[in-house]
Every structure is written in C-alpha cells, then in structure tokens.
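To keep things clear, I will list the structure first and then write my remarks on it.
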Amino acid sequence: QKEVEQDPGPLSVPEGAIVSLNCTYSNSAFQYFMWYRQYSRKGPELLMYTYSSGNKEDGRFTAQVDKSSKYISLFIRDSQPSDSATYLCAMSVSNFNKFYFGSGTKLNVKP
Amino acid sequence: SAVISQKPSRDICQRGTSLTIQCQVDSQVTMMFWYRQQPGQSLTLIATANQGSEATYESGFVIDKFPISRPNLTFSTLTVSNMSPEDSSIYLCSVRNQDGNSYNEQFFGPGTRLTVL
C-alpha cells in the first residue's frame, strides 16, 4: 500500500466552479500536510500547509485535514483558467522528516 | 524564499552514457534533495545531499547509479550513470532549511527533463 494515494484525474471543470482535490494516507503519524501546485514544465510550488487537523483558508483556497479518516482536501473556489495545473499533496511526520507525495491530480479549468 | 536553477533544463542521451545535473541555489540552505518524477507517478526521493559527506540514499537507489556531490551549501550535482530508457524522467532538485521546530518550506527547482534513447 502506498503511503499517500491521490486520484490522478484529469479533472475538468468550467471557470467559476468549486474544485475539490483529495488525498488519503496510511501513516497516522503524519503531522504536516502540504499542497503543491505544479505548472507544466515547472517545479512544484507550495500553495498551503497545515499542521495537524483542521482547516486553513488562504484567499480562494481552503485546506482541510481529517486525521481520524486519514483524509485531506484542497478546495478551490471560483476556479480560474490560471488554476489549471497539477496539484500534489505531500505530508511528513515532522519538519525534519522526508516528505511523502501523492501522484498529483491534473486540473483543467475551462474558460 | 530560495531561487533554484538547474542545468541542463533538458537533454536527450544515448543508452550507456552518463549525465550530470547541476543545482544552484541563490542562498545557503541546510538541506538539499534530489527527486525523480516519472509521468503519472509521485515525486520519489532519490537521496539527501549532505555537505562535505556522502549522500543519504533512499531504498532502491544506490550511489553507483546516482552519485551525488555537495561541495558547499548552495550547490549540488546528481549524476545518472550508465543510463537506460527506464531512467527517462524529470529530475528535481529541492531545498529546505531546518530552523528549530518551526515549519520550513521546501522549494523545488524547475527540473531537468531527461530522455534516454
């Protein structure tokens, strides 16, 4: 079983839609949860990180962590064509440990 | 934030040859990593590049195949040796500082796209 599972998509939505991206994981020791965005032919860039459980909001983006279900989500409100990218979840046990990445979900927001 | 550059950005190589990828950071960083990203796959950590000592390799990766150097706190190289088509992938350099127990962002370079024929 993989440490982190993520639906690869692709996910295609119309502009303005609410997008939900999800990951599940198996290691209950994970404490740090990250979402990265990767545009084509670029390296991943950090969108948001969350420590332990709960929600975190940043503009149009909301990250949720449910440790009891080992499930994390990223919501994008009012999606824009510029949001079209691959979104990778990542998690680690501590700030000093290696990151485990999901395989990424490719999102396409149609104008 | 850290700005990371990688050279080359892409290359097409023949089977059996070796390629060295360079990673340069615009500031001193504690930790440098090398990842491989294959189509539809997770980012896979190859190794942690340690300054002044041998790299720490993850399971499934060995020094003979992926020798790594890190002569200082801003530069590292990854060599892909005796290449085969299975080594075709994107190779990413990544950096992170360790600052006590606070969260420290991990930054990624733009990647090197390698195709082995």
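Shown for A:35, B:34: other C-beta atoms within 10 Å of each C-beta, ranked fewest to most, produce the order A:35, B:34. Do any cysteines in the protein assembly as shown lack another Cys Cβ under 4.7 Å, and if so which? B:13, each lacking another Cys Cβ under 4.7 Å. Mean silhouette area of the stretch B:1-48, derived from the convex hull of its C-alpha atoms and averaged over all directions, reads 4.6 nm². Taking the charge dipole of the protein assembly as shown about its Cα centre, with +1 at Lys and Arg Cβ atoms and -1 at Asp and Glu Cβ atoms, the residue from A:1, A:88, B:79 reaching farthest to the positive side is B:79. The charge dipole of chain A, taken about its Cα centre with unit charges on the Cβ of Lys, Arg, Asp and Glu (plus for the first two, minus for the last two), comes to roughly 220 debye. Measuring nothing but how far apart in sequence close Cα pairs (under 8 Å, 6+ apart) lie, relative to its length, the stretch B:44-117 scores a relative contact order of 22 percent. Computed over the Cα atoms of the protein assembly as shown, the ratio of the radius of gyration to the Kirkwood radius (Rg/Rh) comes to 0.97. Working note: Debye formula, equal point scatterers on the alpha-carbon atoms of the stretch A:37-111, no solvent; log10 I(q)/I(0) at q = 0.12, 0.19 Å⁻¹ is -0.36, -0.88.
Across all directions of projection, what mean area in square nanometres is found for the Cα convex hull of chain B? With every direction weighted equally, the projected area is 7.2 nm². Spin-label pair residue B:84-residue B:41: with each label point 7 Å from Cα along the Cα-Cβ axis, the two points sit 1.3 nm from one another. Here residue A:68 and residue A:94 are evaluated by their C-beta separation; at R0 = 22 Å the FRET efficiency comes out at 0.65.
Charges were assigned to the Cβ only: +1 to each Lys and Arg, -1 to each Asp and Glu. The resulting dipole of the protein assembly as shown about its Cα centre is roughly 300 debye. For the stretch A:1-64, the square roots a ≥ b ≥ c of the C-alpha gyration tensor eigenvalues yield an a/c of 1.5 or more together with a/b exceeding b/c, which makes the shape prolate. A straight line joining the Cα centroids of the stretch A:2-74 and the stretch B:61-117 runs 24 Å. Comparing A:55, A:35, A:24 along the charge dipole axis of the stretch A:1-56, the residue lying farthest to the positive side is A:35, per the Cβ-charge model.
The charge dipole of chain B, taken about the Cα centre with unit charges on the Cβ atoms of Lys, Arg (+1) and Asp, Glu (-1), comes to about 260 debye, rounded to the nearest 20. Counting only aspartates and glutamates at least 8 places from residue A:110 when in the same chain, those with an alpha carbon closer than 16 Å to its own are A:15, A:78, A:83.
When A:60, B:96 are arranged by Cβ crowding within 10 Å, least crowded first, meaning fewest neighbours, the order is A:60, B:96.
If you rank B:116, B:62 by fewest surrounding Cβ atoms within 10 Å, what's the result? Numbers along the way, then the final one.
On the way: B:116 19, B:62 12.
Listed from fewest to most nearby Cβ atoms, that is B:62, B:116.
Report relative contact order for chain A in percent, whole number only (criteria: Cα-Cα under 8 Å, sequence separation at least 6). Over chain A, the number comes to 37 percent.
None of the figures in this text is laboratory data; all of them are computed from the coordinates on show. Because the structure is a prediction, the values reported are computed rather than measured. Cβ sites come from the backbone with ideal geometry, for glycine too, and all protein chains shown count toward neighbours.
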